[in-house]
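Heads up: the structure comes next, in structure tokens.
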Amino acid sequence: MRMCVGCREMKEKKSLIRVVRSPEGQVSIDPTGKKPGRGAYVCREGECLSRAIRQHQLERQLQAEISEEIRENLRLEMESLQENRHE
Ligand SMILES: [Zn+2]
């Protein structure tokens, strides 16, 4: 069980998605959960991701600055994951 940094609910790991800050400082979504670096978990929903960003929970958890560009990238990655899920 892991906590979503958006809604702060405990959920099974498989219903969450990992966001990772690589050792190089790059923030991205990690669908495999295997990328090296510091990780945070959010529900597979755009709402939890944007809430985590808005409330600075993601920044706090990853100890990384979430720029507008990163925010947009994360949103796009999350959307493409959701599209894949419906196939
Ligand atoms: Zn959530």
Revision key, fill the gap. So the FRET efficiency between Arg38 and Glu72, C-beta based with R0 = 22 Å and rounded to 0.05, is 0.55
Point to revise | the chain, helix-only ellipticity at 222 nm - DSSP H runs n ≥ 4, -39,500 (n - 2.57), divided by all residues, nearest 500 | key: -11500 deg cm²/dmol
Revision key, fill the gap. At q = 0.13, 0.19, 0.22 Å⁻¹, the log10 of I(q)/I(0) for the chain from a Debye sum over equal Cα scatterers comes to -0.35, -0.77, -1.06
Practice item. In square nanometres and to one decimal, what's the mean projected area of the convex hull around the Cα atoms of the stretch 2-50? Key: 3.1
Practice item. At 7 Å along the Cα-to-beta-carbon direction for both Cys7 and Glu65, put a label point, then send me their distance in nm to one decimal. Key: 3.2
**Study point:** Rounded to the nearest 20 debye, dipole of the chain from Cβ charges on Lys, Arg, Asp, Glu
**Key:** 520
Revision key, fill the gap. log10 I(q)/I(0) for the stretch 39-87, Debye formula on C-alpha points only (no solvent), q = 0.14, 0.19, 0.29 Å⁻¹, two decimals, reads -0.33, -0.59, -1.18
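Bear in mind that the values in this text are calculations on the coordinates, not laboratory data. Since this is a predicted model, take the numbers as computed values, not measurements. Every residue, glycine among them, receives a Cβ derived from its backbone with ideal geometry; neighbour counts consider all protein chains shown.
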